[in-house]
Protein chains: 12
Amino acid sequence: MGKVAKVIELVGESSSGWQEAMEDAVQEAHKTVDNITGVEVTNWTATVENGKVNEYKVDVKIAFGVDSNRR
Amino acid sequence: MGKVAKVIELVGESSSGWQEAMEDAVQEAHKTVDNITGVEVTNWTATVENGKVNEYKVDVKIAFGVDSNRR
Amino acid sequence: MGKVAKVIELVGESSSGWQEAMEDAVQEAHKTVDNITGVEVTNWTATVENGKVNEYKVDVKIAFGVDSNRR
Amino acid sequence: MGKVAKVIELVGESSSGWQEAMEDAVQEAHKTVDNITGVEVTNWTATVENGKVNEYKVDVKIAFGVDSNRR
Amino acid sequence: MGKVAKVIELVGESSSGWQEAMEDAVQEAHKTVDNITGVEVTNWTATVENGKVNEYKVDVKIAFGVDSNRR
Amino acid sequence: MGKVAKVIELVGESSSGWQEAMEDAVQEAHKTVDNITGVEVTNWTATVENGKVNEYKVDVKIAFGVDSNRR
Amino acid sequence: MGKVAKVIELVGESSSGWQEAMEDAVQEAHKTVDNITGVEVTNWTATVENGKVNEYKVDVKIAFGVDSNRR
Amino acid sequence: MGKVAKVIELVGESSSGWQEAMEDAVQEAHKTVDNITGVEVTNWTATVENGKVNEYKVDVKIAFGVDSNRR
Amino acid sequence: MGKVAKVIELVGESSSGWQEAMEDAVQEAHKTVDNITGVEVTNWTATVENGKVNEYKVDVKIAFGVDSNRR
Amino acid sequence: MGKVAKVIELVGESSSGWQEAMEDAVQEAHKTVDNITGVEVTNWTATVENGKVNEYKVDVKIAFGVDSNRR
Amino acid sequence: MGKVAKVIELVGESSSGWQEAMEDAVQEAHKTVDNITGVEVTNWTATVENGKVNEYKVDVKIAFGVDSNRR
Amino acid sequence: MGKVAKVIELVGESSSGWQEAMEDAVQEAHKTVDNITGVEVTNWTATVENGKVNEYKVDVKIAFGVDSNRR
């Protein structure tokens, strides 16, 4: 049987920038998922306060390999 | 590190109406997930029998905060 | 309360064809999920080597019924 | 041979609300079509007069089973 | 009960231009449908021969009022 | 010269339901804009607290006639 | 006047595979429509029972030439 | 600081054709906005009466340069 | 083996109108490509100066037959 | 009555990068609008000269709270 | 500098089936392009004659690695 | 005759970040194409190893002016 991957959707958030927000989401997913292979950003937003960006946010889809004993 | 949220997709169903179908999905998710913050409806359908709506259905995306000990 | 279904996203892969790739994803999901009711293919790709298709891949959404004791 | 369904597109309209507008469209279709099985709303609009909603309107897709003698 | 409209999809074709292709589709629909109220173009294509446009084509959605005695 | 309409985008919010959220947005727009003719909902969300919907929200596009002296 | 085509939407279903589901829909349409020229698949789904695909389903758009005496 | 443009959405209408409908919208916007740089058509419709097109309509997005003293 | 076509994307531009902009793009492609069979417009824009349209622009996809000796 | 927000569309531009282009747009909007709460990027482009990026550009949607005395 | 891939769009056609139509397109591209790595199907159509499918067609995007000496 | 531009699709890749991945694609295109005028990013992904981003990747569309002697 061929390989199967699972895809989950997270929202990352960082005050430093969008790239960091994505990396935070990957790092958080990595705590409970072993074989992350890729990530895609599907939405880019930010919260604003007093005319300045407060938090950068990204919607990400994270793919990881599935083995039968765990998912 | 910034906060991370997870997004899951459910299909709610109710014979009363679409708003109730969405609320059922949120209530069901709340049984196993603590910090639900928001919900988005992405699809609105209904099943029909004898020319009358039988069940209202909604596809929903539900977002909830993730802490490191649980997900 | 009405019924609630959950939807997960997998990527199936097979060297035989796209239909087999989808069936692999369903079979893999079936190992940990009881009540799969349907599947939708949202993306069709293949990897290519030396001008020949190597692996057929499909992104699938798999829906299954949720009962309160398990998800 | 497997079953075949047909899908038609209607616009329902009601002064009471969107759910009623959808139900009007289903009821109207039911006058000439026997086996309606489902409906999907693809667009939600309303006409406005003097700052108040006048008519709620929905674009709906209605599916019904086809038998060979009639369509 | 509110009013209900039906929407059908046609492809118009004209060697004169896209506007004429749309008008041909409306005129053709008018032969069998009485109360056409509007039209929307969803796709614009043309066939080409010897580097020149041969036929302009448009995919159109045509809406018309439905009365219970006819559809 | 033909008539021209303008389209603005608002987000309505209500604790009662989505229809009320849309109507709030129309009512608010009506305070500064005279000739609102229609509204379209493009997005349906809700905020959730303790497993219950807190505020229903809709993204709406509101169209109104423009006359040259005011916009 | 240029030629006009009509487009209808069907859902084909087959236990053999997606290609057969599409061909069933075309064959069913052919019973009442003479000049089918093309078909497009817009959605691919399947129903699942006990972890195995039960019925393959496709949403199809079928185009056919219109002559003035019949539609 | 870099330049900033604003984008507004209008609906133009003309009995002559779609191109004229777009030009009407630009001309109307030009009465109150100085630096229009471009326009994009996102939707093409027409109203129909007695099987003939009555008014051509276009949804347009109009972009114009912003300076700090005015907007 | 079946026939294969290639699809390229161009942007046509004309001060006369959108139809001419599309025809310019086809004519330009025809200089280096022999067997153009069709064209699709995917985007309609215009540049504006002093409240008047300056240049009409279209994004087009142009398809042409491929033979093995040339591409 | 619930709260209402307004959404406007701007295009930001910066020679430093996309994040700066978005921040320029927010800053410019902040000059005339008080309560900006969020921003979403919907399009990412850049102008190029001599093989090097000249200006980074983003299409942004900016949301801000509306009070009845001002908009 | 990182690696760069190029993506081209073809239309494959086969009387045997969609999978074969895709493989024909890949094989044709392989005649002039060395390093094809992947393929994605974005559109599925077929031509029909006398109620039977004549030719299966797929729109495909084909990606291949670029080296500086050739493209 | 108006000006014509061509649009090609590349995938850029960089271990430094998304902006660099886009710039690599532009630079690579610049080796064989003279008059690049703009670039648009349509997809943002990254490969991940051991919970860390390995390569940032962007799908880009690159536009360049066409003159008749070369393309």
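The values are calculated or read from the model by the stated rules, or taken from the named source; none is laboratory data. From a predicted model like this one, the values you see are computed outputs, not experimental measurements. We place every Cβ from the backbone using ideal geometry, glycine too, and count neighbours over all the protein chains shown.
One residue stands out in the range G:8-18 among those that are more than 12 Å from chain K (Cβ to nearest Cβ) and more than 11 Å from the chain's Cα centre (by Cα): the one that is surrounded by the most Cβ atoms within 10 Å (Cβ to Cβ), namely G:SER14. Cβ-Cβ below 7 Å, separation at least six or inter-chain, first residue in the range H:20-34 and in contact (Cβ under 8 Å) with a residue 24 or more places away in the chain, second in a helix (DSSP H, G or I) and not polar (S, T, N, Q): which pairs? Cβ pairs passing all conditions: none.
Only one entry in D:ALA21, D:ALA46, D:ALA29, D:ALA5 is in contact with a Leu (Cβ under 7 Å, 6 or more places away or on another chain), aliphatic (A, V, I, L, M) and more than 11 Å from chain B (Cβ to nearest Cβ), namely D:ALA5. Under the condition of being more than 8 Å from chain A (Cβ to nearest Cβ), surrounded by fewer than 16 Cβ atoms within 10 Å (Cβ to Cβ) and of a type in the set (S, T, N, Q), the residues counted in the range L:34-43 number 2. Checked against the criterion of being among the hydrophobic types (A, V, I, L, M, F, W, C), at pLDDT below 95 and at negative phi, the range F:56-70 contains one or more residues that satisfy it. For K:LYS61, indicate whether it is surrounded by fewer than 23 Cβ atoms within 10 Å (Cβ to Cβ), facing another protein chain (nearest Cβ under 7 Å) and either touching a strand residue (DSSP E or B) at 6+ places or on another chain (Cβ under 9 Å) or closer than 18 Å to I:GLY65 by Cα (or both). No: the conditions fail for K:LYS61. Does J:ASP34 count as modelled with pLDDT under 95, at negative phi and of a type in the set (Asp, Glu)? Yes, satisfied. In this entry, G:LYS31 passes the filter for residues that are out of contact with any strand residue (DSSP E or B) (no Cβ under 8 Å at 6 or more places or on another chain) and of a type in the set (D, E, K, R).
Checked against (1) over 30 Å from H:PHE64 (Cα atoms); (2) among the small types (Gly, Ala, Ser); (3) buried (at least 19 other Cβ atoms within 10 Å of the Cβ); (4) free of Cβ contacts under 8 Å to residues at least 40 places away in the same chain, I:ALA5 meets all criteria but (4).
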